[in-house]
Amino acid sequence: MKIVVSWIRKRDLHILTVGILTYTSDQRFQVIRPEKSSNWTLQIKFPQLRDSGIYECQVNTEPKISLPFRLNVIESKAKILGSTDLHVKVGSSVTLTCSVNKGPHDLGSIFWYKENEILQEDHLHRMTIKNQWTDGLTSKLHISTVHLSDSGKYSCVPTMAIPADVNLHIINGEHPAAMQHGNTNSGVASFVPHLYPEFWPIIVWILNDHRHR
């Protein structure tokens, strides 16, 4: 009897492959068997979350031989530390830190974009990019002296994960809302309170009244 190996998706009992033939309209599935090899490998291209589950390899022996495999598809996402909207004063520095958690596969690399333009280090080192591999993949985009033209959407784009975005607002002078000062870390904004002039007479009156008591 000729030995035939089949792959079954258990959640719906769909027969995916029989021998070298594929029985699904989903072209991401195929079986790989090198010539004169006894290995029958089920390949799923571009796996998605819905592909998670149990797949069973069956051999048409008597009695039938089967071996189940559990596939867990993990969706990796990039994360830029801090707020998604950062306000930075002209002339100060800013560091954007992007991280991707460690997964069961190669994490690839990270690229930075401003709008749709890829960013690279310049010869003056005003803009630097450093990638680091530890428990995960971390990339830091540092701008030493920000200009008004640096305003815009910055994207951290990993090769093996979903990208993340942050909006960088460059302020020419003081700003009453959130502002990030120079030499900050991880792109975390600090909040600066703004004292409006219309409240000054009230504060002065309270101080003078307190001194006369």
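The values are calculated or read from the model by the stated rules, or taken from the named source; none is laboratory data. All of these numbers come straight from a predicted model, not from anything done at the bench. When we count neighbours, we look across all protein chains shown, and the Cβ atoms used for this are built from the backbone with ideal geometry, even at glycine.
Inspect all residues belonging to region 48-64 and state whether any of them is out of contact with any strand residue (DSSP E or B) (no Cβ under 6 Å at 6 or more places or on another chain), under 30 Å from residue 140 (Cβ atoms) and not in a strand (DSSP E or B).
Checked region 48-64: at least one residue is out of contact with any strand residue (DSSP E or B) (no Cβ under 6 Å at 6 or more places or on another chain), under 30 Å from residue 140 (Cβ atoms) and not in a strand (DSSP E or B).
Does residue 132 count as modelled with pLDDT under 95, within 15 Å of residue 78 (Cβ to Cβ) and loosely packed, with under 14 Cβ neighbours inside 10 Å?
yes
Show the residue pairs meeting these rules: Cβ distance below 8 Å; 6+ apart or different chains; first residue within region 35-49 and under 23 Å from residue 76 (Cβ atoms); second residue β-branched (Val, Ile, Thr) and assigned to a loop (DSSP other than H, G, I, E, B).
Going by the 8 Å Cβ cut-off, the qualifying pairs are 47/73; 48/73; 49/73.
Filter region 125-163 down to the residues that are touching a Ser or Thr at 6+ places or on another chain (Cβ under 7 Å), farther than 16 Å from residue 89 by Cβ and small (Gly, Ala, Ser) and list them by number.
Matches in region 125-163: 136, 161.
If a residue must be assigned to a loop (DSSP other than H, G, I, E, B) and either surrounded by 13 or more Cβ atoms within 10 Å (Cβ to Cβ) or touching a strand residue (DSSP E or B) at 6+ places or on another chain (Cβ under 9 Å) (or both), how many such residues does region 13-23 contain?
3
Looking only at region 44-60, which residues are of a type outside the set (D, E, K, R) and either within 22 Å of residue 1 (Cα to Cα) or surrounded by 12 or more Cβ atoms within 10 Å (Cβ to Cβ) (or both)?
Of everything in region 44-60, those that are of a type outside the set (D, E, K, R) and either within 22 Å of residue 1 (Cα to Cα) or surrounded by 12 or more Cβ atoms within 10 Å (Cβ to Cβ) (or both) turn out to be 44, 47, 52, 53, 54, 55, 57, 58, 59, 60.
Only one of these conditions is not met by residue 86: (1) outside the structural domain of residue 148 (by TED's automatic domain parsing); (2) surrounded by 12 or more Cβ atoms within 10 Å (Cβ to Cβ). Which number is it?
Result: residue 86 fails condition (1) only.
Quick test for you: out of 96, 124, 141, 107, pick the one residue that is part of a loop (DSSP other than H, G, I, E, B) and touching a Phe, Trp or Tyr at 6+ places or on another chain (Cβ under 8 Å).
Of the residues listed, the single one that is part of a loop (DSSP other than H, G, I, E, B) and touching a Phe, Trp or Tyr at 6+ places or on another chain (Cβ under 8 Å) is 107.
Just one of the numbered conditions (1) outside any loop (DSSP other than H, G, I, E, B); (2) charged (D, E, K, R); (3) surrounded by 11 or more Cβ atoms within 10 Å (Cβ to Cβ) is not true of residue 70; which one?
Result: residue 70 passes all but (3).
Quick one: residue 113 ticks every box in (1) of a type in the set (Ser, Thr, Tyr); (2) at pLDDT 85 or above; (3) within 21 Å of residue 77 (Cα to Cα); (4) exposed (fewer than 12 other Cβ atoms within 10 Å of the Cβ) except a single one, so which number is it?
(4)
For region 144-177, give me each residue that is over 13 Å from residue 112 (Cβ atoms), of a type outside the set (Ser, Thr, Tyr) and not in a loop (DSSP other than H, G, I, E, B).
148, 162, 167, 169, 170, 171, listed by residue number.
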